[in-house]
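Student: Below you will find the structure I want to go over with you.
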Amino acid sequence: MNETLWILFALVDLSMVLVVYRLFGRIGLFGLMVFNLLLCNIQVLKTVELFGLTTTLGNVLYASVFLSTDLLSEFYGKKEARKGVLLGFVTLVMMVTYMQIALYFQPSADDFAQPHLSALFGFMPRIALASMMAYLISQLHDVWAFHAIKARTGEKLLWLRNNASTMISQLLDSAIFCFIAFWGLFPMDVFLEILLSTYVIKIAVAGLDTPFIYLAKRLFADRLQAPKEA
């Protein structure tokens, strides 16, 4: 059941990237990166069983963040892709900060939300730092790797720059997050199992985005720009 729902969820989420891009263009991709990134950091608190592995639910939405970054890179260039990454990072920092401030407010006697908000947003600063650093470093690497491969292959081999940049960046993301969040908390064998299962699930869902970037390039060929690289 979980596996079927996971595949459908991933396909719907990746399809929505194309729908939002069709309706709102480049600005839509910026907004979608922020939206999915914030949801990722809420859904990551829920663990599920997928294909015999225990993983976090937020891995599904993270694939569409990488797809949005790659679309910005392909259609608008490195500068716009970096802008999207930094916008997501600033928004994530703001969300974490603002929600921590909100938790300090004394709730009224009739309030029912405080314990639920504390459960969702009162996560340890170590987890928040891990999430923010993993996102920023992996996404900036994704933009750099995408354009480094494109510089050597030209317009050919879109599948290569899409997959290679994303898969290496996902490894960085998983390693940085697990190292900051979990290093020293678990025995080495458990730590490595968490890291491996996290990466395997991310790679599986990332592989689904290749048809979508080809479809986007076919549907929106008129939007391709010759960017002035920074």
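The values are calculated or read from the model by the stated rules, or taken from the named source; none is laboratory data. The structure displayed is predicted, hence computed values, not measured ones. Cβ placement follows ideal geometry from the backbone for every residue including glycine, while neighbour counts extend to all protein chains displayed. With ligands, DNA and RNA removed, areas are computed over all heavy atoms of the protein, side chains included. Shrake-Rupley method; radii C 1.70, N 1.55, O 1.52, S 1.80 Å.
Student: Just the residues that are of a type in the set (Gly, Ala, Ser), buried (at least 20 other Cβ atoms within 10 Å of the Cβ) and out of contact with any Asp or Glu (no Cβ under 7 Å at 6 or more places or on another chain), please, taken from segment 131-153. I'd like the intermediate steps shown before the answer.
Tutor: Here is the first cut: in segment 131-153, the ones of a type in the set (Gly, Ala, Ser) are 131, 134, 138, 145, 148, 151.
Retained after the next criterion (residues that are buried (at least 20 other Cβ atoms within 10 Å of the Cβ)): 131, 134, 138.
Across segment 131-153, the qualifying residue is only 131.
Student: Looking at this structure, is residue 192 open to solvent by 50 Å² or more (accessible area, probe 1.4 Å) and under 19 Å from the mean Cα position of the chain (by Cα)? Walk me through how you get there before you give the answer.
Tutor: Values: open to solvent by 50 Å² or more (accessible area, probe 1.4 Å): yes; under 19 Å from the mean Cα position of the chain (by Cα): no.
Judged against the criteria, residue 192 is not a match.
Student: Only one residue in 204, 181, 216, 175 is of a type outside the set (Asp, Glu) and within 25 Å of residue 24 (Cβ to Cβ). Which one?
Tutor: Criteria check complete, one pass: 216.
Student: Looking only at segment 93-105, decide whether some residue is at pLDDT 90 or above, closer than 30 Å to residue 223 by Cβ, open to solvent by 80 Å² or more (accessible area, probe 1.4 Å) and assigned to a helix (DSSP H, G or I).
Tutor: Within segment 93-105, one or more residues are at pLDDT 90 or above, closer than 30 Å to residue 223 by Cβ, open to solvent by 80 Å² or more (accessible area, probe 1.4 Å) and assigned to a helix (DSSP H, G or I).
Student: While we're here: So which pairs qualify, if the first residue must be in segment 43-71 and under 30 Å from residue 149 (Cα atoms), the second must be in a loop (DSSP other than H, G, I, E, B) and open to solvent by 10 Å² or more (accessible area, probe 1.4 Å), the Cβ gap must be under 6 Å, and the two must be at least 6 apart or on different chains?
Tutor: Final answer for the pair search is 58/44.
Student: Determine which single condition residue 113 fails, assuming it passes every other condition in (1) free of Cβ contacts under 8 Å to residues at least 24 places away in the same chain; (2) surrounded by 13 or more Cβ atoms within 10 Å (Cβ to Cβ).
Tutor: (2)
Student: Inside segment 26-38, can you point out the residues that are surrounded by 13 or more Cβ atoms within 10 Å (Cβ to Cβ) and modelled with pLDDT of 90 or more?
Tutor: So the first thing to find is which residues in segment 26-38 are surrounded by 13 or more Cβ atoms within 10 Å (Cβ to Cβ), and the list is 26, 28-38.
26, 28, 29, 30, 31, 32, 33, 34, 35, 36 - these are the residues of segment 26-38 that are surrounded by 13 or more Cβ atoms within 10 Å (Cβ to Cβ) and modelled with pLDDT of 90 or more.
Student: If you don't mind, another one. Show the residue pairs that are 6+ apart or on different chains and have beta-carbon atoms under 9 Å apart, the first residue being within segment 137-160 and farther than 19 Å from residue 224 by Cα and aliphatic (A, V, I, L, M), the second being assigned to a helix (DSSP H, G or I) and open to solvent by 70 Å² or more (accessible area, probe 1.4 Å).
Tutor: Short answer, once both residue conditions are applied: 140/82; 140/86; 145/168.
Student: Let me ask something else. Does any residue in segment 12-25 that is of a type in the set (Val, Ile, Thr) come within less than 6 Å, Cβ to Cβ, of a residue that is modelled with pLDDT under 95 and in a helix (DSSP H, G or I) six or more places away or on a different chain, and which pairs are these?
Tutor: 17/64; 17/67; 17/68; 20/32
Student: In addition: Looking only at segment 149-192, which residues are within 14 Å of residue 138 (Cα to Cα) and of a type in the set (Ser, Thr, Tyr)?
Tutor: 165, 166, 169, 174
Student: Identify all residues within segment 1-22 that are farther than 27 Å from residue 121 by Cα, open to solvent by 50 Å² or more (accessible area, probe 1.4 Å), part of a helix (DSSP H, G or I) and of a type in the set (A, V, I, L, M, F, W, C); write none if there are none. Give the steps one after another, and end with the answer.
Tutor: Of all residues in segment 1-22, those farther than 27 Å from residue 121 by Cα come to 1, 3-4, 7-8, 11, 15, 18-22.
If we keep only those that are open to solvent by 50 Å² or more (accessible area, probe 1.4 Å) as well, we get 1, 3-4, 7-8, 11, 19, 22.
From what's left, part of a helix (DSSP H, G or I): 3-4, 7-8, 11, 19, 22.
Listed by number, the residues that qualify are 7, 8, 11, 19.
Residues checked against (1) crowded, with 19+ Cβ neighbours inside 10 Å; (2) over 17 Å from residue 129 (Cα atoms):
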{"residue": "24", "(1), (2)": "no, yes"}
{"residue": "44", "(1), (2)": "yes, no"}
{"residue": "55", "(1), (2)": "yes, yes"}
{"residue": "68", "(1), (2)": "yes, yes"}
